[in-house]
1. Taking Lys5, is it at pLDDT below 65, out of contact with any Cys (no Cβ under 7 Å at 6 or more places or on another chain) and either part of a helix (DSSP H, G or I) or aliphatic (A, V, I, L, M) (or both)?
2. Can you name every residue in the stretch 104-118 that is more than 24 Å from the chain's Cα centre (by Cα), surrounded by 15 or more Cβ atoms within 10 Å (Cβ to Cβ) and not polar (S, T, N, Q)?
3. For the stretch 145-194, give me each residue that is closer than 20 Å to Glu76 by Cα, touching a residue at least 24 places away in the same chain (Cβ under 8 Å) and out of contact with any strand residue (DSSP E or B) (no Cβ under 8 Å at 6 or more places or on another chain).
4. Looking only at strands (runs of 3 or more DSSP E) that lie completely in the stretch 183-230, which have at least 1 residues being closer than 16 Å to Ser63 by Cβ, within 13 Å of the chain's Cα centre (by Cα) and modelled with pLDDT of 90 or more?
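The values are calculated or read from the model by the stated rules, or taken from the named source; none is laboratory data. All values reported here derive from a predicted model rather than from experimental measurement. Using ideal geometry, Cβ is built from the backbone for each residue, glycine included, and neighbour counts are taken over all protein chains shown.
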Amino acid sequence: MRLQKVLTQPINVYFVTFLVTGVFILLFLIWSLYSQSQNIQQTVIEKSFSQAQEEFTNNFNASINHLTLELKTLSEWDEVHQQLQDPSYYFFWHNERLKESVLFKKNYEQIELYNADKKRLIPIQTDASQTLVELPPEIQTLEPKVIILSATEAHLILFQTVLDREDQQIIGYIGASIDLLSFLIQNNDFTYVNKSTIQFSKLGEVSLKTALSYIHYEPVANQQQIIYGA
C-alpha cells in the first residue's frame, strides 16, 4: 500500500502539471489568434483610410483644376471682352446671354465681371433666395477662398484674370461663386469614400489651401467616422 501511494503521488502531480500547462497553451493560442485578428482588422482599417484619403484628395484637386480651367475658358469668350470694353448692356447680358450660355455651368451660383481696377463692372442685385454668398463689390485678393455656412453648405470663391488678346495686359476679372459640395459629389466618382458622409467641420471663411483639412468623410469599408486631412 505504501508503495502504491508513493507511485500514485507523482502521477497526480504530473497530471495536474500537464493540465495546467495545457490550459496555459490554450489561452496563449486564443490570445495569439485574437491578436492576429485585431492586427488584420487594423490593417484593413488603415488601408481603407489611406485609399479614401488619396481618392478624396485627388478628386478635390482635380475639381479645383477643372473649375479653374472652366473660368479661363469663360475669360476667353468674345462676349466677356465686349462687356469689359462697353458694359452698356451688361445687365441684359448678365441675366440673359451669360446664363443661357453653355459656359455658365450648373454649379455656378454667381458670376460677375470686374474692371481692371478690380471693381465690379456694374453692381447687380442678386436674389437672396438663390445665394447666401454675394461676390464682393471690389476684389481685395485673387487668392481662392471657401466660405463655409454649415456642415453641408460651402461656397468656393474664385477669380480669373481676363487678358487682352494682343498685348496680354489685364483688362478685367471674372468672379465666381460655386456650390463646392454639390460640385464635388456630382462631378466625381468615389469608390473608397462614402460620399453621403462628406461634410465640413468649421464654419466661416478659410483659404482654399487649408479647406481640405476641414472636410470630413468616411471610407466605404469603415462605418466609424474618421477625419481625413486634419
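1. yes
2. Narrowing the stretch 104-118 to residues more than 24 Å from the chain's Cα centre (by Cα): 112-118.
Imposing the further condition that a residue be surrounded by 15 or more Cβ atoms within 10 Å (Cβ to Cβ) reduces the set to 112-115, 118.
Across the stretch 104-118, the qualifying residues are Glu112, Leu113, Tyr114, Lys118.
3. Arg165
4. Numbers: elements: 193-200, 204-207, 215-219.
Ranges flagged: 193-200, 215-219.
Here's the yes/no breakdown for (1) exposed (fewer than 15 other Cβ atoms within 10 Å of the Cβ); (2) out of contact with any helix residue (DSSP H, G or I) (no Cβ under 6 Å at 6 or more places or on another chain); (3) hydroxyl-bearing (Ser, Thr, Tyr); (4) under 16 Å from Leu113 (Cβ atoms):
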residue	(1), (2), (3), (4)
Val133	no, yes, no, no
Glu143	yes, yes, no, no
Ala151	yes, yes, no, no
Phe159	no, yes, no, yes
Asp164	yes, yes, no, yes
Ile174	no, no, no, yes
Asn194	no, yes, no, no
Phe200	no, no, no, no
